[in-house]
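Here's the structure, in structure tokens; my notes come after.
The values are calculated or read from the model by the stated rules, or taken from the named source; none is laboratory data. All values reported here derive from a predicted model rather than from experimental measurement. Here the Cβ is made from the backbone with ideal geometry for all residues, glycine too, and neighbour counts use every protein chain on show. Remember, those area values only see protein heavy atoms, side chains included, never the ligands or the DNA or RNA. Shrake-Rupley method; radii C 1.70, N 1.55, O 1.52, S 1.80 Å.
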Amino acid sequence: MHWAPFRFPLLSLFELFWLAILINLVHPPPMKLSPPAEDDFVFVNVSRPDEFKAASTQRTIRRHVMRDIGRSRRRTRPGQRTWSVTLRAPSDPVTEHIPVSIDPCNTTFYPGPMSDRALQLMHFMTTDRDYVFRPFRTVWFSMALTDATAVLVALANAAMFLDQRLRAQTYRYETSAECLSYYGQCVRQVTHRLADTHESLSQGVITAILGLTCHDLYVGTLDRWKIHISGLGRIIHLRGGYRGLDDSITRFAIWLDVAGSVMDDSRPRLPTPPGFASQVPKFLSSTQRKLLGDLIAKHDYYSDIATAFCYANFLVQYTDGSLFRSETAWLNEDNLTVIELFGPATHFLLSMSRPTEINSSATDIPLLQLREALRLVLLLFLGTLKQAVFLFTAHECEYLWCKLSTLISQIEKANYDDSCLKLYLWVLVTMSRFSRSIQSSMYLDDISAVLNLLGMGRKEGLDLVQSILSIDILDGYLHFLPSLETSGS
């Protein structure tokens, strides 16, 4: 059989297409110095021209042509997860570091599976730091992300804070469904793990319970906090103490204990670790030493008041010196200065015996009342300082103020000697400076009466108060002193 020579005008478009392919194979274009392109061509083996139209050949051609189109579509298809991120310029100094475990896209460091919503909440808590100061944020997350149960209370906090932001005008904790759901999951898991002898004493369970107590204190559910802190105390007792626990867990346990106990002026629930507050500041001003010396000689229960003043002196000196040098390191979210400063001092004041617990005669009642007033006003001072200068929430201030004002109205001062009257004057003036502006003059008559008993003028009395323990560090927040200076004696 004789084949006629090819005549291009008679060729179909399909045949011309394949002719171009064959020519390209015989005389390929110059090679580019680029990654291998083996996948750019597909080879079709045919023995006769009509086999180009075969179904299998056409299917191979269509697959090759459509491949790149499919790839392009897949690349442009939106993924399920989207994250809003803010990039920090490389030149910006980085002073704080978020642990990699808080990176919402890095799931390898989480203690268990995380849903898309949970990762979004973690991302919110990471970016939230740009406009909200949350003490101990990274320290706490570093603890929480070591245990799957503890993560749940971290998510409860994140959901609560996000809800507060989204519903700024209508937010109510009891209707924050997502927050309460995570909180409930955490409680159920803790309850389940407590039934296991080994798990019940684990560091993970302790961390989760600490998270619950912290959450309870923030939202003000003191009854719930009492249940959790009492259970934590039982666990630590069964463990034989804090041995084997991370230092951060021990530190937060003591802190959350006193932070809750001071809200109703009750004794701390947890045992103290070995060496806790072993170095009590030993500094009394000359006025304090003189006023308390005679009282301690006659009534040894006043020795605790001397120690309490030592703690207060140290706090005032530290804070005043830091502000003078503009060293406000405690405003760093990861700084634990507040725990180290206020923890031991508050713990000591809460652990002091109350008037009804001291064996005394009826003649000692006025002295015990004064001792209790000094204890309460020092607690109130710590709370006010913590809140006004260190920017920490202090729910206890209102409760302590009410308790102290009730006690002052009952104090029997008729038989006070000069030392007691001078200490009582300090209580009255300090208490007045803590009062709200509309109540700042409520103790002026009492102050004037004590000044008259001491035979002192206004300026002399104020100088005495300053020499006992000055709280001028609060003058930027309290405005009582001018009204006192202009009032009659």
Inset, instruction - Test E327 against the stated conditions and say whether it is open to solvent by 20 Å² or more (accessible area, probe 1.4 Å), more than 26 Å from L370 (Cβ to Cβ), without any contact (Cβ under 8 Å) to a residue 24 or more places away in the chain and assigned to a helix (DSSP H, G or I). - result: no
Inset, instruction - Answer yes or no: is there a residue in segment 349-360 that is closer than 19 Å to F252 by Cα, of a type in the set (A, V, I, L, M) and either out of contact with any Asp or Glu (no Cβ under 6 Å at 6 or more places or on another chain) or part of a helix (DSSP H, G or I) (or both). - result: yes
Inset, instruction - Restrict the check to segment 314-321 and report whether at least one residue is among the acidic types (D, E) and either exposed (fewer than 14 other Cβ atoms within 10 Å of the Cβ) or touching a Phe, Trp or Tyr at 6+ places or on another chain (Cβ under 7 Å) (or both). - result: no
Inset, instruction - Could you check how many residues of segment 361-386 are open to solvent by 20 Å² or more (accessible area, probe 1.4 Å) and either in contact with a Ser or Thr (Cβ under 7 Å, 6 or more places away or on another chain) or not in a helix (DSSP H, G or I) (or both)? - result: 1
Legend entry - Residues located in segment 162-186, provided they are surrounded by fewer than 18 Cβ atoms within 10 Å (Cβ to Cβ) and either hydrophobic (A, V, I, L, M, F, W, C) or touching a strand residue (DSSP E or B) at 6+ places or on another chain (Cβ under 9 Å) (or both): L166, A168, A177, L180
Inset, instruction - Kindly indicate the residue of segment 264-286 that is among the polar types (S, T, N, Q) and open to solvent by less than 30 Å² (accessible area, probe 1.4 Å) and also farthest from K422 (Cα to Cα) among those meeting that condition. - result: S266
Legend entry - Residue pairs meeting the criteria (Cβ under 6 Å; at least 6 apart or on separate chains; first under 30 Å from F390 (Cα atoms), in segment 338-364; second among the acidic types (D, E)): M352/D304
